[in-house]
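Reading through the structure tokens given below for one structure.
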Number of protein chains: 2
Amino acid sequence: MAGVRNPVTIRDVARLAEVHPGTVSRALNADTRALVNEETAERVRRAAEQLGYRPNPIARGLKTNRSYTIGVLIPDITNPLFPPILRGIEDRLDDAGYTSLIVNTDNDPERERTHLEAMRMRQVDGFISATARLDHEVLAAIAFGGTPLVLVNRSFEDGSVPAVAVNDRQGIRLAVEHVAGLGHSRIGHIAGPQNTSTGHRRYQGFLGAMGAVGLDVPPQRVSFSSWFTETEGARLCGEMLDSAGDLTAIVAANDLLAIGCYDALVSRGRRCPDEVTIVGFNDMPLVDHLRPPLTTVRVPQREIGTVAADLLLERLADTSLEPREILLEPALIVRGSTAPPREEGVEPGRRAAS
Amino acid sequence: MAGVRNPVTIRDVARLAEVHPGTVSRALNADTRALVNEETAERVRRAAEQLGYRPNPIARGLKTNRSYTIGVLIPDITNPLFPPILRGIEDRLDDAGYTSLIVNTDNDPERERTHLEAMRMRQVDGFISATARLDHEVLAAIAFGGTPLVLVNRSFEDGSVPAVAVNDRQGIRLAVEHVAGLGHSRIGHIAGPQNTSTGHRRYQGFLGAMGAVGLDVPPQRVSFSSWFTETEGARLCGEMLDSAGDLTAIVAANDLLAIGCYDALVSRGRRCPDEVTIVGFNDMPLVDHLRPPLTTVRVPQREIGTVAADLLLERLADTSLEPREILLEPALIVRGSTAPPREEGVEPGRRAAS
DNA sequence: CAGCGCTCTGCAACCGTTTGCGGTTGACAC
DNA sequence: GTGTCAACCGCAAACGGTTGCAGAGCGCTG
């Protein structure tokens, strides 16, 4: 059937089916098929089949201004958080006949801008962005251009842009309640960058949850990282241990920060969970094999991707849709990095519960 | 400057610069610029700049049959091995003005085929494939279509296709020499799938290296996994421990298999490295934080990507190039999962060395 | 001053589809 | 036998660039 190279054009099909190229086009497109006699259409389909005809998306795109590709912006594919999300996005888009174009922005506004520009030139039909700090201006540009956009893992304050994210506040609450339930009262927070919505919401969630369980949050028990990285976690956790040494538990805004805490503990000869309890966020691959296995908040990453894709497809089909924000529910995964505090006599064995 | 939407065409520029559209095209393209008067070219450039003109790659592609995109096939982006490679590829291609289209094949021939077809329709200028078992037929189809292709992390027996990979034999040799040097003699191998070139070459490398250090490889000390997964590793390692219980060290064909070995040891109450020494391959992210930290063979993943991209760009520029295969050198990273065997009285402390 | 050659730029035909418009055909009513 | 209408399909103009070809202008030679 289909030759390897595909030089067979709509004209070849037209010749074989003995009709005009325009008719072939109509016969082969679902929404214009009604315009052509069923018998003729069948003849065209057979001719197309026989020649192994595949429409050329480039030519089609030139005329229709659609490319059936959608642009996906992520900070860095190397961050284990993103691959499952991408997988979710891709699988869903694939089914719908779309291809995704993935770019890494490193959260650099300049890279974001040039990539966006390049993708728009490539006529992408929509965007999914997981970048932390897409500024208002860039968002506005997309929106103004009329290209559908959905945000992932972050949201936009005024709700003007559809978004899907995990319920960060709820996730942190699960973590705090777990740790407090173990008997900890001096709990610290290694917060994420506050100009990212996840960092910000998790910090807010921490304050809220601590209040809800009736615990104090003195300023020296919160510190703000500049990036979601292991080295930042190590640096801040180290500082916190040195300055507020009496804390017994740390809730980190993300697994990488939590791993940084591990490093800081090791370098100070303190043990987890015996001396300091640590909770992460995201449940990255392999954190169940760390020493100790990390207790963390699991986010349904792949589902985030599929839902984001659904949201985008929805808007592609109907541009006038009201933007909506979908929050996915996280779950606490209790492993070995959390334990009751030493001093306060909580009987052993409670650990595995909850 | 540039409006958000970009309705400015080559004709607009032509009007402003008071020249013919054809002249604008020539003035703006590097390889035809010589054909137009420098003064005119400058006028055109200024007009283009002023209007924020960006050439439409779709239209260009229609005429030139080039899309400036290249297709990247990987088994599964969720496998931590691939993101760094992708990053390398993307960075290099970006610099050269190319965009990469990434698809996951799950090593499923059917998916490979449809994705290839789809990408070819999208006029991709070349392919980079990291899929394990692209069959001869598919490869031939690409080659016959004349689209440049480079293989990553695998190679093709007859050397007819350019490829970049890590020197698997050398990597395994480093592992075996290290373990043998610690005093182990009963060393097992959890091999990868033998229909993948990495799995096969690492197995061959194991046999060769064992021979070189004068050690025996009885059949019960090698078992072949069906996939490179943690569960396969656990299953096979478990079987091997049960049937050939006297072995003191295991060289796994990959980190995931090694982690599976960890699981098998834990479930049998045996300790690593005290009772069994384990070595992995790849140095995936986070394996340095496992318990114990995994001794493994590091492969320069990002470099694999950049080199592959270079190779492809090279062939894009000159189709007649001889295919060549590039082997990158791996390095052994010694961590906590390897130690001298118990019985044989090797003094402690040697562990941290080499 | 005719003729030649070189440099530059305009012209127009593509690339492969889609799509508005209009023409043909045949059924049917009057 | 003429007119109306719907269904179908062909025609040709787009979409936004690229490129072979030809011609205009000009400097130079003999």
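The values are calculated or read from the model by the stated rules, or taken from the named source; none is laboratory data. Bear in mind that the values here come from a model prediction, so they are computed numbers and not experimental data. Don't worry about glycine lacking a Cβ; one is built from the backbone with ideal geometry, like all the others, and counts go over all protein chains shown.
Miscellaneous remarks
- Residues in segment A:20-43 that are at pLDDT 90 or above, surrounded by 17 or more Cβ atoms within 10 Å (Cβ to Cβ) and within 11 Å of DNA strand C (Cβ to nearest atom): A:Thr23, A:Val24, A:Ser25, A:Arg26, A:Ala27, A:Leu28.
- Hits in segment B:125-155 (condition: at pLDDT 80 or above, more than 19 Å from the chain's Cα centre (by Cα) and more than 10 Å from chain A (Cβ to nearest Cβ)): B:Asp125
- Comparison of A:Leu16, A:Leu101 shows that the only residue that is within 11 Å of chain B (Cβ to nearest Cβ), touching a residue at least 24 places away in the same chain (Cβ under 8 Å) and of a type outside the set (Asp, Glu) is A:Leu101.
One line per residue, one yes/no per condition, for (1) part of a loop (DSSP other than H, G, I, E, B); (2) on the phi > 0 side of the Ramachandran plot; (3) β-branched (Val, Ile, Thr); (4) within 16 Å of DNA strand C (Cβ to nearest atom):
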{"position": "A:Gln50", "(1), (2), (3), (4)": "no, no, no, yes"}
{"position": "A:Ala59", "(1), (2), (3), (4)": "no, no, no, yes"}
{"position": "A:Ile70", "(1), (2), (3), (4)": "no, no, yes, no"}
{"position": "A:Leu73", "(1), (2), (3), (4)": "no, no, no, no"}
{"position": "A:Asp91", "(1), (2), (3), (4)": "no, no, no, no"}
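- Selection from segment A:233-253 of residues that are touching a residue at least 40 places away in the same chain (Cβ under 8 Å) and in contact with a helix residue (DSSP H, G or I) (Cβ under 8 Å, 6 or more places away or on another chain): A:Gly233, A:Leu236, A:Cys237, A:Met240, A:Ala244, A:Leu247, A:Ala249, A:Ile250, A:Val251, A:Ala252, A:Ala253
- Total residues in segment A:181-230, condition more than 25 Å from the chain's Cα centre (by Cα) and among the β-branched types (Val, Ile, Thr): 4
- Counted residues, segment B:272-283 - those being more than 13 Å from chain A (Cβ to nearest Cβ) and out of contact with any strand residue (DSSP E or B) (no Cβ under 6 Å at 6 or more places or on another chain): 4
- Exclusive hit being facing another protein chain (nearest Cβ under 7 Å) and either crowded, with 16+ Cβ neighbours inside 10 Å or without any contact (Cβ under 8 Å) to a residue 60 or more places away in the chain (or both), set B:Arg66, B:Arg122: B:Arg122
- Pairs with Cβ under 6 Å, 6+ apart, first in segment A:33-47 and farther than 13 Å from A:Glu18 by Cβ, second small (Gly, Ala, Ser) and within 12 Å of DNA strand C (Cβ to nearest atom): A:Val36/A:Ala27; A:Ala41/A:Ala27
- Helices (runs of 4 or more DSSP H) wholly inside segment A:150-262 containing at least 2 residues that are farther than 30 Å from A:Ile326 by Cα and of a type in the set (Asp, Glu): A:230-243
- For segment A:262-296, the set of residues classified as under 15 Å from the mean Cα position of the chain (by Cα) and among the hydrophobic types (A, V, I, L, M, F, W, C) consists of A:Phe281, A:Met284, listed by residue number.
- Within segment B:307-336, the set of residues being of a type in the set (S, T, N, Q) and free of Cβ contacts under 8 Å to residues at least 40 places away in the same chain comprises just one member, B:Ser320.
- Within segment B:16-51, the set of residues being in contact with a Phe, Trp or Tyr (Cβ under 9 Å, 6 or more places away or on another chain) and away from DNA strand D (no atom under 11 Å from the Cβ) comprises B:Ala47 only.
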